Each structure stands twice: as C-alpha cells, then as structure tokens.
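> Right, I'll just put the structure down here and ask away after.
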Number of protein chains: 4
Amino acid sequence: MLCKRWSRRKEARPQEILEAALALFVQKGYAATRIEDIAREAGVTRGTPYLYFANKEEIFKAVIRELLLPEIEEASAQLANFQGNAAGLLRELVQLWWKTMGETSLSALPKLMIAEGGNFPEVLDVYEREFIHPGQSLFRRVLEMGIASGEFRPVNVEQTIDVLAAPIVMAMLSRSGNVPCGNLAADPQAYLDSFIDVALGGLLARPGEVACTAPE
Amino acid sequence: MLCKRWSRRKEARPQEILEAALALFVQKGYAATRIEDIAREAGVTRGTPYLYFANKEEIFKAVIRELLLPEIEEASAQLANFQGNAAGLLRELVQLWWKTMGETSLSALPKLMIAEGGNFPEVLDVYEREFIHPGQSLFRRVLEMGIASGEFRPVNVEQTIDVLAAPIVMAMLSRSGNVPCGNLAADPQAYLDSFIDVALGGLLARPGEVACTAPE
Amino acid sequence: MLCKRWSRRKEARPQEILEAALALFVQKGYAATRIEDIAREAGVTRGTPYLYFANKEEIFKAVIRELLLPEIEEASAQLANFQGNAAGLLRELVQLWWKTMGETSLSALPKLMIAEGGNFPEVLDVYEREFIHPGQSLFRRVLEMGIASGEFRPVNVEQTIDVLAAPIVMAMLSRSGNVPCGNLAADPQAYLDSFIDVALGGLLARPGEVACTAPE
Amino acid sequence: MLCKRWSRRKEARPQEILEAALALFVQKGYAATRIEDIAREAGVTRGTPYLYFANKEEIFKAVIRELLLPEIEEASAQLANFQGNAAGLLRELVQLWWKTMGETSLSALPKLMIAEGGNFPEVLDVYEREFIHPGQSLFRRVLEMGIASGEFRPVNVEQTIDVLAAPIVMAMLSRSGNVPCGNLAADPQAYLDSFIDVALGGLLARPGEVACTAPE
DNA sequence: CATGAATGAGCATTCATTCAT
DNA sequence: TATGAATGAATGCTCATTCAT
C-alpha cells in the first residue's frame with residue numbers, strides 16, 4: 001500500500017492468488033479456507049480475488065485447471081518417452097513420476113481430490129480423466145511390455161497397476177502437510193527405492209521360477 | 001415421527017448421531033457437514049445432538065473416540081494372534097486387516113484423517129498412536145520374523161512397512177465414497193490378491209536367487 | 001429422586017418455584033435466568049414449572065403477584081397504624097419500612113422493577129399502584145401532619161416524599177446482590193440512622209427559625 | 001440506504017453503534033437486546049457491529065469504556081474545582097453533578113449497573129472505582145470541610161455521603177426510561193431543590209441548636 | 001485495477017416449551 | 001403429578017460477495 005508491493009505485473013496476480021489458494025486448500029481444506037485467507041496470503045485484499053474469479057468455487061476449479069492441469073501435461077510429456085527394458089522402465093517411471101509430480105505442487109492433487117472430490121464431481125471427472133487414467137496407462141504400458149517380453153511374470157495387469165500406484169500416491173500425500181503416512185515422509189527417496197525393490201522383486205520372472213510354480 | 005418420539009431408546013441416540021456424523025463427515029467433509037444434516041440423517045431435529053455433545057467439534061472427536069477407536073481395538077485384538085510361516089502370516093494379516101478394518105466403518109479413518117487431520121491435531125495424534133503405530137508393528141513383526149528365518153529377503157524393514165501399508169490404505173480409501181483410486185474399488189478382494197502376489201514375490205527369498213545375486 | 005425429596009406437600013411446589021425464580025431473577029435478571037435454573041433451584045426438573053405456570057412470563061408475574069404483593073399488603077397493614085408526633089412517626093415509619101420491606105424478600109422489588117420494568121409494563125403498573133403510591137401516601141401523611149402542626153417546616157410535600165424515599169429504596173437495592181450503592185450495604189441500620197438524623201434535621205422547624213424566615 | 005452506503009464516515013460507525021447499544025441496553029436490558037436491534041438503531045445491518053466489536057459482551061464493555069468512562073472523567077474534571085463555603089459547595093456540587101451526569105448519557109450508568117452489574121463483575125469493579133468512589137470523595141470533601149469549619153453539624157460522614165448520594169442516583173435512574181421513582185421524573189430540578197433544602201436543613205449547625213439539644 | 005466497509009444469507013448454538021412415559 | 005428427551009424458533013456470529021471510492 002505504502003510502498004509498491006505490486007511492482008510485479010498485474011498478469012501475475014491471478015497466478016499468485018491461485019497459488020495461495022492451493023496452499024491453503026491443501027492445508028486447511030476448501031470449506032475452512034476463507035477468501036480473506038487467500039487474499040492475505042497472496043498479498044492483496046478481500047475484493048481482489050473477485051476481479052479475477054467469479055467466486056470461491058471458481059477459484060477451486062481454477063486451481064485445478066490453471067495450476068495443476070498444465071503441470072500434469074508437462075509431466076506426462078516427460079513421462080511419455082522413456083525407454084529401455086521393462087525393469088528399467090519401471091524404475092525410471094517411478095523416479096520421473098516423483099520428480100515431476102511428487103516434488104512439485106502436483107503432489108497436492110491426491111489430498112485435494114480425496115478431501116474435496118465428493119463436493120466437486122466435475123473436478124473429480126477431470127482428475128480421473130487427466131491424471132488417473134494417463135497414470136494408469138503409463139504403468140499398463142510398462143507391465144504389458146514386460147509381460148510380453150517374458151521379463152515380468154504374467155500378473156493381473158489392471159489390478160497391479162493400482163497396486164503399483166498406491167505407494168506413489170502415498171508418497172505424494174505425505175507431502176501434503178499433516179497427512180499421516182507412517183515414516184515415509186522423512187525420506188521419500190528411500191521409500192521409493194524400497195518400493196521399487198519390492199515391486200521389481202515381485203514382478204520379475206526368474207529362470208528357476210518357471211519350474212518352481214508351473215509344475216505345482 | 002409425530003407418534004413415536006420415544007420409540008428408540010435414549011441410550012441409542014448418541015450412537016445413532018455419531019454414525020450419521022461419520023457418514024456425512026466422510027462424504028462431505030467436516031466443515032461442509034451441517035449439524036442439521038447430521039440430525040436429519042439420525043432421524044432427530046436440530047437441537048438433539050446438543051443434548052449429547054457440546055458442539056460440532058466434540059461430535060467429530062466423539063466419532064473418532066466412541067465409534068472408531070473401539071473398532072480399532074477390537075480389530076487389533078483379532079490381528080494380534082495370527083500364526084504360521086512369514087508368507088502365511090503376511091497373507092493372513094492383509095486379509096484380516098481388510099475384514100476388520102476395510103469392510104467395517106473403520107475404513108473411513110484414512111479419508112477422515114487425510115482430509116481433516118490438519119484441523120484437529122490432537123485427533124491426529126490419537127490416530128497415529130492408536131492406528132498407524134500398531135499397524136506398523138504388525139507388519140514389522142512379520143517382516144522381521146520372515147527375514148530372521150531366511151524366508152524373506154533382507155529388505156529395509158521400516159520403509160517396506162510403509163510400502164506394504166500403502167495398498168491397504170488405498171483400498172480403505174476406495175471405500176470412502178468419491179475417492180478416486182483407479183479401478184480398485186470395483187473388486188477390492190482381487191486387488192488385495194494382486195497386492196499379496198506382488199508383495200510376496202518381492203519379499204520371498206529363493207534358492208537360486210542367492211546364487212544369482214550374491215555371487216555377482 | 002432416590003429418596004423422597006418431595007415429602008413436602010405438593011401445595012408447596014408453586015411457592016418453592018416462585019421463590020427460586022425470585023432469587024434468580026434478582027441475581028441474574030429475567031432474560032438470563034433459564035427455566036432450568038429455576039427448576040434446579042426449586043429441586044424439580046424442567047417440565048415441572050409448566051405444571052403450575054403457563055410460561056416464563058407468567059412465572060415472573062406470579063413472583064410479583066403471589067410472592068411480593070401479599071408481602072406488600074402485610075407490610076402496609078403494619079405501617080398503617082403507627083402513631084405519635086410527626087418526628088416520631090417519621091422515625092417509626094422508616095424503621096418499620098425497613099423491617100417489613102428491607103429485611104424481607106420485598107427488598108428485591110426495586111431492583112426487579114428497575115431492571116425488568118421496561119419489559120413488563122403491566123407489572124410496572126401494579127408496582128406503581130401497589131407499592132409506590134401507598135408508600136408515597138405514608139410519607140405524605142406524615143409530612144402533612146407535621147407541617148400542619150407546625151412541627152415541620154413548610155416544605156414542598158410531593159418532592160420531599162421522593163427525597164425521603166430515595167435513601168430507603170437505596171437501602172433496599174443494597175440488599176439485592178451485586179448492586180453498587182457505596183458502603184451502605186455494610187450496616188444498613190447505621191445508614192438509616194444517619195438518614196433520619198439528616199432528614200429530621202432538615203424538616204424540623206425550630207423556635208428561632210420562625211423568626212428567621214417568616215418575617216422576611 | 002441503497003444509494004449512500006458511505007455517507008457516514010467509517011470512524012463514526014463504532015460510536016454510533018455504541019450509542020445505539022447504550023440506548024437499547026438501558027431500555028430493554030442486555031439480554032433482551034438483540035444485535036440486530038442495535039444494528040437497526042445504528043442504521044446498519046447485522047454484520048456491521050462485528051466489524052468493530054468481537055461480540056455482544058464486548059459491545060457492552062465498550063459502551064462503558066468508550067462512551068461512559070470518558071464522560072465520567074470529563075464530569076469529574078468539572079466537579080473538581082468548585083469553591084465557596086460548605087453550604088454553597090454542596091449546592092453547587094449537586095447542581096453540577098446533575099448537569100454533568102444527570103442530563104447527559106451518564107445518567108444511564110446506575111440503571112445499567114443495577115440491572116447488569118451482577119453478570120459483568122469486571123465492569124462493576126470499574127464502575128465502583130471510576131464512578132462510586134470519586135463521587136463519594138466529592139461529598140466527603142464537602143462534609144469534612146463543613147464540619148471542620150463548624151458550618152455543618154458533626155454527622156457520621158461516611159454514612160451521610162451515601163444518604164446524600166441516594167436522591168441524586170434516584171434522579172439519574174428517573175431518566176433511564178421506565179424506571180419507577182415516584183413523580184420526581186416530572187421535574188428533576190424541583191426535586192433536587194427540595195433535596196438540597198432538606199439536606200442543608202439537616203446539615204447546617206444553628207446558633208440556638210447547641211443549647212437546644214445538648215442540655216437535654 | 002485495487003480497496004475494504006458493508007451486506008445478508010447461512011450456520012452453530014441456546015433454551016422455552018411440549019408431551020410420551 | 002413429575003420426568004426429561006425432544007423440539008424448533010430465535011439469536012449470535014461468520015464469511016462469501018458487492019460496490020462506492
């Protein structure tokens with residue numbers, strides 16, 4: 001007010017408001033977050049968010065649409081073109097996922113959807129279409145490739161996709177503030193390593209194993 | 001409604017109110033649930049919840065304390081005395097967990113804590129103490145037993161605990177209404193089978209494997 | 001409840017309820033007094049007052065009508081037949097007033113009327129008709145008698161009535177709980193003595209005084 | 001209402017709300033006064049009082065602190081420097097008291113304290129410290145001065161203070177709406193004249209009086 | 001563009017009152 | 001008669017939203 005706090009361009013405003021909103025929605029939940037909280041966090045006053053967004057619900061939707069969807073797309077693009085054998089792919093997929101979705105603001109998404117999804121069905125649809133399904137496709141691709149090449153055991157692909165996704169989602173949740181997830185939050189990387197270790201152990205076919213299980 | 005005001009026993013009322021509250025808190029979240037919603041769901045009117053609980057926050061805490069904690073304890077008691085070899089134990093642990101915590105109202109707990117934990121720190125403490133830690137202990141016990149007997153590979157126990165917990169928590173979340181968890185919700189049992197399949201595959205030591213990795 | 005608390009006759013009930021109500025109305029005010037407070041104070045439960053009184057307002061009116069009006073009448077009867085010279089009458093009037101109205105539950109009346117009168121106009125009318133006017137009549141009688149006999153100076157009777165009433169009302173107020181009235185509450189009797197001392201000093205005509213004012 | 005939302009200055013609002021609150025608290029009592037009443041009386045809507053005061057109780061305290069205490073201080077300052085002989089001082093004290101405390105909004109104070117004091121003990125303390133005690137000091141000063149100079153009879157000073165205060169408090173009460181105080185309300189000035197007449201008559205020592213009473 | 005005073009609908013909570021037992 | 005669980009209107013308070021500046 002006195003000094004020029006808003007020397008940054010006006011174009012930055014909506015973005016700043018959405019970032020403030022994201023942080024608070026994740027921290028306190030949608031209903032418990034007041035517009036004034038968002039405004040203060042964004043360094044503006046009560047009326048300003050309404051210059052850019054029609055109402056609170058639109059702010060929530062815009063957080064998803066304007067902040068998180070673009071990040072999803074960016075992350076998806078990076079995830080699209082990894083290569084190598086199935087085990088390597090899986091390893092790389094998990095690591096890249098973490099780098100692009102776990103260590104960015106995208107990690108807020110699961111908590112947001114778990115907590116608020118029920119009150120925003122359309123947003124839930126978007127989430128499923130833009131995040132869940134693409135994510136499943138990535139794992140499906142790796143699993144099918146590995147099974148086809150004989151590198152992986154012939155597991156139930158659709159169920160296994162979600163088994164593999166669970167620890168990653170958990171790791172994302174662990175970054176969303178006061179979400180209790182055991183002690184994985186302390187060292188997500190070690191957690192992911194253990195996850196890959198167990199998962200690959202569980203997936204890889206081994207020479208002797210064919211004789212071990214099939215004959216039974 | 002007009003005729004039988006006393007049809008249900010007074011002693012049943014608090015329980016009914018808490019059950020209504022649990023359902024709505026899970027469905028819509030704490031803040032978005034109005035006392036009147038809870039009352040209507042419980043078949044009473046606005047004032048009645050206040051005959052038994054001081055205010056909305058106390059209703060939330062009572063849901064945890066009166067409804068869920070006793071179920072946790074009951075489930076823990078059942079989980080305490082399973083037996084057999086490590087693989088069997090793990091299988092049994094997961095199945096029993098699901099039966100006692102997944103298919104009961106306890107499945108609401110993770111969603112509740114993820115969504116509302118940040119606003120109820122004391123409740124979060126209780127959750128960690130009464131649910132997270134005992135659950136981790138169960139897995140720790142199985143893992144240490146299996147590793148000690150040579151049945152399991154020597155994995156990082158603490159991290160693996162949380163890896164194994166993730167799919168189960170996910171399965172619990174899948175039962176909490178509009179929580180998006182891929183397609184595991186359709187057939188949790190099949191999901192858990194795949195999970196055990198992959199997990200055991202990843203944990204079991206195999207004869208040839210020692211030669212396979214160690215000598216390298 | 002367990003033992004027979006209500007061994008006292010049922011006829012005592014309404015009276016007990018009114019006494020409880022009077023105490024609480026004086027202590028906390030009409031609006032801040034809950035029916036349940038009254039019931040508990042009277043040793044009954046929520047519903048019982050409604051067996052005897054239609055609603056809270058009727059309880060208030062009954063407190064005035066059933067408890068205080070009879071006491072007023074009794075006191076008036078005693079005050080009616082005092083005798084002697086004017087000075088003695090005044091002295092006796094004040095003393096008797098205090099004994100019958102100050103040291104009984106009647107002392108509650110001024111506080112009740114000051115605090116609640118505005119919300120109960122009919123009660124205020126009763127108060128004026130049954131308490132204020134008779135009281136003024138008593139003082140008027142003494143003053144007129146004293147002036148007529150030359151014992152008192154010729155003061156403005158109507159105004160002086162209220163001047164003389166003020167300290168007595170004050171003394172009554174001092175007995176109604178947390179009413180701040182200086183330090184008169186500590187020893188009302190001494191206060192009344194000082195009052196009579198000053199008042200008589202101010203009223204009595206004296207030999208030399210006639211010459212002092214009349215000739216002018 | 002529709003057109004000029006900002007016609008009155010923001011700084012005036014709290015004051016206006018407090019004045020409305022004072023009027024209503026005196027008229028109907030604290031509990032019976034709804035925030036909406038206050039708001040309407042102040043020409044604003046339900047939410048506005050909460051922009052300036054945390055809750056209803058704070059409005060009550062602010063009425064005392066912000067409206068009445070400053071007036072007390074102002075009045076005290078005026079009362080502090082009267083002069084003359086004791087009889088003149090007393091006369092002047094009463095008149096000035098009336099002008100500064102009876103004919104201003106301060107006249108509300110006694111009714112407020114009598115009616116609500118019991119529910120606001122801290123406010124009662126303030127009242128006693130800031131109003132009662134200073135007022136007693138003024139009378140004490142005059143009485144002691146008069147007695148010391150031989151102008152007044154040697155009365156019990158502490159009790160007489162409260163005797164002299166009673167009619168003034170009564171006169172203040174008579175201005176607080178439906179408070180029943182006899183017919184003094186019609187002409188407070190005449191009432192105060194009669195009061196001074198009687199009081200001075202009762203206090204002044206007279207030449208012949210020493211002989212008149214002592215020898216008996 | 002931005003502000004923040006004001007609005008008023010919405011919800012938590014209280015409590016006088018009812019009525020089945 | 002007496003009880004006390006239940007009711008629901010009333011009211012304190014919050015906060016999304018508006019709009020004059």
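> Partner chain Cβ atoms within 10 Å, averaged over the residues of D:22-35 - can you pull that number for me?
Rounded to a whole number, the mean comes out at 2.
> Something else now. Could you give the distance between the Cα centres of segment C:124-146 and segment D:124-155, to the whole Å?
What the calculation gives is 31 Å, centre to centre.
> Further, regarding this structure: Can you send over the solvent-accessible area of B:LEU204, 1.4 Å probe, protein chains only, in Å² to the nearest 10?
Its heavy atoms expose roughly 50 Å² to the probe.
> Assuming R0 = 35 Å, can you tell me the calculated FRET efficiency for the pair A:LYS99 and B:ARG140, based on Cβ-Cβ distance, to the nearest 0.05? Could you put the intermediate results ahead of the total?
Details: r = 30 Å, r/R0 = 0.85.
Calculated value: 0.75.
> Moving on to the next point. Could you report the buried accessible area between B and A, both sides summed, computed with a 1.4 Å probe and given in Å² to the nearest 100?
For B against A, buried area totals roughly 3800 Å².
> Still on this structure: Which of the GluC sites (Glu not before Pro) found in segment C:32-76 are in a DSSP loop and have at most 12 neighbouring Cβ atoms, other than their own, within 10 Å?
Details: sites: C:GLU36, C:GLU41, C:GLU57, C:GLU58, C:GLU66, C:GLU71, C:GLU73, C:GLU74; in loops: none.
When the GluC sites (Glu not before Pro) of segment C:32-76 are filtered for loop state and at most 12 Cβ neighbours within 10 Å, nothing remains.
> Let me know the whole percent of all Cα-Cα pairs from the protein assembly as shown that are separated by more than 37 Å.
63
> Can you pull the mean other chain C-beta count within 10 Å for peptide C:111-124? Walk me through the numbers before you get to the answer.
Working: counts 3, 1, 4, 11, 10, 5, 5, 11, 5, 1, 1, 0, 0, 3.
The shielding value for this peptide is 4.
> Further, regarding this structure: Could you tell me which of C:THR48, C:ILE35, C:ILE17 has its Cα farthest along the dipole of segment C:8-53 towards the positive end, charges placed at Cβ (Lys, Arg +1; Asp, Glu -1), taken about the Cα centre?
It is C:THR48, whose Cα lies furthest towards the positive end.
> If you draw the axis that swings chain C onto chain B, which residue of C has its Cβ closest to it, and how far is that in whole Å?
Whole-Å result, nearest residue of chain C to the axis: C:GLY47, 4.
> Right, next: Keeping the other protein chains in place, figure out the carbon and sulfur percent of the accessible area of segment C:8-53, with a 1.4 Å probe.
C and S atoms contribute 48 percent here.
> When we measure straight from the Cα of C:LYS99, which aspartates and glutamates land under 13 angstrom away, once same-chain ones fewer than 8 places off are left out?
In chain and number order, the partners are C:GLU71, C:GLU74.
> Right, something else. Which log10 I(q)/I(0) values, to two decimals, does segment C:101-216 give at q = 0.14 Å⁻¹ under the Debye formula with one point per Cα?
-0.70
> Now a separate question. Note down the magnitude of the dipole of segment C:8-53 about its Cα centre, charges +1 on Lys and Arg C-beta and -1 on Asp and Glu C-beta and zero elsewhere, to the nearest 20 debye.
The dipole of segment C:8-53 has a size of about 140 debye.
> Amide H to amide H, which residues 5 or more places from D:PHE152 or on other chains are under 5 Å from it, using H placed in the peptide plane?
Under 5 Å from the amide H of D:PHE152 lie the amide H atoms of D:ILE147, D:ALA205, each far enough along the sequence or on another chain.
> In nm, to one decimal, how far is the D:ARG46 label point from the C:ASP37 one, both placed 7 Å along Cα→Cβ?
Distance between label points: 2.6 nm.
> Let me ask another. Magnitude of the Cβ-charge dipole of segment A:68-213, K/R +1 and D/E -1, about the Cα centre, nearest 20 debye? Before the final figure, lay out each step's value.
Working: 9 positive and 18 negative charges, 70 e Å.
Taking the Cα centre of segment A:68-213 as origin, the dipole is about 340 debye.
> Which percent of the accessible area of segment B:64-213 is formed by carbon and sulfur heavy atoms (probe 1.4 angstrom)?
The C+S portion of the solvent-accessible surface of segment B:64-213 is 55 percent.
> Further question: Å³ per residue of the Cα convex hull, for chain D?
143
> Return the loop-located trypsin sites (Lys or Arg not before Pro) in segment C:1-101 (DSSP other than H, G, I, E, B) with at most 15 other Cβ atoms within 10 Å of their own Cβ; answer none if there are none.
Details: sites: C:LYS4, C:ARG5, C:ARG8, C:ARG9, C:LYS10, C:LYS28, C:ARG34, C:ARG40, C:ARG46, C:LYS56, C:LYS61, C:ARG65, C:ARG91, C:LYS99; in loops: C:LYS4, C:ARG8, C:ARG9, C:LYS10, C:ARG34, C:ARG46.
Counting only loop positions with at most 15 other Cβ atoms within 10 Å, the trypsin sites (Lys or Arg not before Pro) in segment C:1-101 are C:LYS4, C:ARG8, C:ARG9, C:LYS10, C:ARG34, C:ARG46.
> Using a 10 Å cut-off around each Cβ of peptide C:151-158, what is the average number of partner chain Cβ atoms that fall inside?
Across the residues of C:151-158, the mean count of other-chain Cβ atoms within 10 Å is 3.
> So, one more: Accessible area per residue for segment D:9-53 in Å², computed with a 1.4 Å probe and the full protein assembly in place, what is it?
That works out to 52 Å² per residue.
> Compute, for the protein assembly as shown, the length of the dipole vector about the Cα centre, with Cβ point charges of +1 (Lys, Arg) and -1 (Asp, Glu) only. Units Debye, rounded to 20.
Approximately 1060 debye in magnitude.
> Now, a different point. Ignoring ligands, DNA and RNA, what accessible area per residue does segment A:68-213 give at 1.4 Å, in Å²?
I get 37 Å² per residue for this part.
The values are calculated or read from the model by the stated rules, or taken from the named source; none is laboratory data. Bear in mind the structure is a predicted one, so any value in this text is a computation, not a measurement. Positions of Cβ are generated from backbone atoms using ideal geometry, with glycine treated the same way; all protein chains shown enter the neighbour counts. All accessible areas refer to the heavy atoms of the entire protein, side chains included, with ligands and DNA or RNA removed. Shrake-Rupley method; radii C 1.70, N 1.55, O 1.52, S 1.80 Å.
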